[in-house]
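Notes follow once the structure below has been shown.
The values are calculated or read from the model by the stated rules, or taken from the named source; none is laboratory data. The shown structure was predicted, so the numbers you read here are calculated from the model rather than taken from an experiment. Because the Cβ atoms are built from the backbone with ideal geometry, glycine has one as well, and the counts that use them run over all protein chains shown.
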Amino acid sequence: MNRLLYVLLISALTIIGFSMYKQNDLGSISFSFAGFSFETNLVVLMAAILCGLFIVSILVKLYRTIRNIFIYFGSKRQKRLREKARQSISQGLIEYAEGRFEQSEKILLQHVKHSDNRLLVYLTAARAAQQLGAHERRDDYLRKAHTETPNADLAISLTKAELQLAHNQNEQALATLTQLNELSENHSYVLTLLANTYRYLHDWDNLKEILPQLKKHCNLSAESFLSFEVSVCNGQLTNITKNITIKKTSSQELIQFWKESAHHLKVLPDVIEHYAKQLIQADAAGEAEDVLRLYLNKNWEESTIVLYSELDVLIESKQLEMVESWLKDHQHNAHLLLALGKICISRSLWGKARSYLEASIAITPMPENYLKLARLLEENIDDQAAAQEYYRQGLHLLAGDYADDILEKNSHNVIDETPQLKIVRT
């Protein structure tokens, strides 16, 4: 197109110039500027203009050629640098995966300026710095990641929260996650991290508040969600007990909370046992016994019967009959026999108590059943010699002396060999 234009222009000038020459009239043109004047004919002016255009065209082409040369070599250099950046990302990720965090951080940042994926570089470098304990560098990389990719704020903030949690910066992580939850409401992973953070911080009220969202929007298994519910229930029970202890009030608030709790939680042994322990701390051991006994009557749990055996409470005859009925299926349970021994002592049934406690010792010797039996013999049955022997055996057991010959010896044969131990109470 440019060549055709030049041809037409030259042709037109040639025709005009030839016509003017034939007519012997080349025209006259003059102009002045800043004290300078110039006079020429039209043909010369046109020829000068044509030459000027030709020179400008040559200069433009020369400029474009030089520019293209620089662009070519520059693009080759940029391509080479981008390739190095890709290799550094790949090698940096390998180093990170193999646990060489210092090398990973260094390699990742070597060509970050030429990388096509600076977000990945800075996020991985932040994780590497976290592993090295360089938390200031970690935060600096996260800021750079946000500067490079502002639209990836969710990914960057999630990474920041994860790293804060890994470093036990739970309060800072809570602030990050709370802001994220406001920006991206009902995001499943944000909700999960937020729930775990509330659990770490024992913030049971806020955790309870987001449980409906957690259930609706997070793909949690039934077991995982139940663990959050159990944590909330047990945590709130603990907080109520602390308030009762501080204010020195009755256990009614604790009992009322239990009544209002979800039924599917009140049948779990972990929750039942925790509630019973809180009742004991709130000086409501009788209520704890009632809760544990009714639960054990329908659901047998070893940990629950162990807790039940630790109680020293007075119960009615019908309640004692219920506990004794458990022996039909659990007659070799040492903790059940210990619990029965304690209950019989509280009801002044000395003979029954002795039988249960001796049976408990025969199955599983424990410092507590030795102590209960020794006190029973000393204070209520007046068999001092046997009491001293059980005190001795209990002390051996408590001190870690589990020698079979000591535990298997007949107590009447050992009494003569062992000096009497005088128990003095102040």
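Working carefully through the options Arg82, Arg138, Arg143, find the one that is farther than 17 Å from Leu163 by Cα and either surrounded by fewer than 16 Cβ atoms within 10 Å (Cβ to Cβ) or not aromatic (Phe, Trp, Tyr) (or both).
Numbers: Arg138 fails: farther than 17 Å from Leu163 by Cα; Arg143 fails: farther than 17 Å from Leu163 by Cα.
Checking each option against the conditions leaves just Arg82.
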Within the range 332-353, how many residues are hydroxyl-bearing (Ser, Thr, Tyr) and crowded, with 19+ Cβ neighbours inside 10 Å? 0
Per-region count, the range 132-165, residues in a helix (DSSP H, G or I), more than 16 Å from the chain's Cα centre (by Cα) and not hydrophobic (A, V, I, L, M, F, W, C): 15
Please identify the pairs in which a residue from the range 112-136 that is without any contact (Cβ under 8 Å) to a residue 60 or more places away in the chain and β-branched (Val, Ile, Thr) has its Cβ atom under 6 Å from the Cβ atom of a residue that is outside any helix (DSSP H, G or I) and surrounded by 22 or more Cβ atoms within 10 Å (Cβ to Cβ), counting only partners at least 6 apart or on another chain. Val121/Ser115
Please go through the range 166-197 and give me each residue that is under 22 Å from Leu226 (Cβ atoms) and under 10 Å from the mean Cα position of the chain (by Cα), ordered by number. Thr192, Leu193, Leu194, Ala195, Asn196, Thr197
Identify all residues within the range 236-263 that are under 26 Å from the mean Cα position of the chain (by Cα) and not in a helix (DSSP H, G or I); write none if there are none. none
Residues located in the range 124-135, provided they are within 20 Å of Leu93 (Cβ to Cβ) and either surrounded by fewer than 16 Cβ atoms within 10 Å (Cβ to Cβ) or assigned by TED's automatic domain parsing to the domain that holds Leu154 (or both): Leu132
Any idea which residue in the range 90-123 is modelled with the lowest pLDDT, counting only those that are buried (at least 22 other Cβ atoms within 10 Å of the Cβ) and among the polar types (S, T, N, Q)? Ser115
Provide a single number: the residues in the range 140-167 that are in contact (Cβ under 8 Å) with a residue 12 or more places away in the chain and under 30 Å from Arg199 (Cβ atoms). 19
Take Ala85 and tell me if it is touching a residue at least 24 places away in the same chain (Cβ under 8 Å), touching a His at 6+ places or on another chain (Cβ under 8 Å) and not basic (Lys, Arg). yes
If Val271 passes every condition in (1) in contact (Cβ under 8 Å) with a residue 40 or more places away in the chain; (2) touching a Lys or Arg at 6+ places or on another chain (Cβ under 8 Å) but one, which one does it miss? (2)
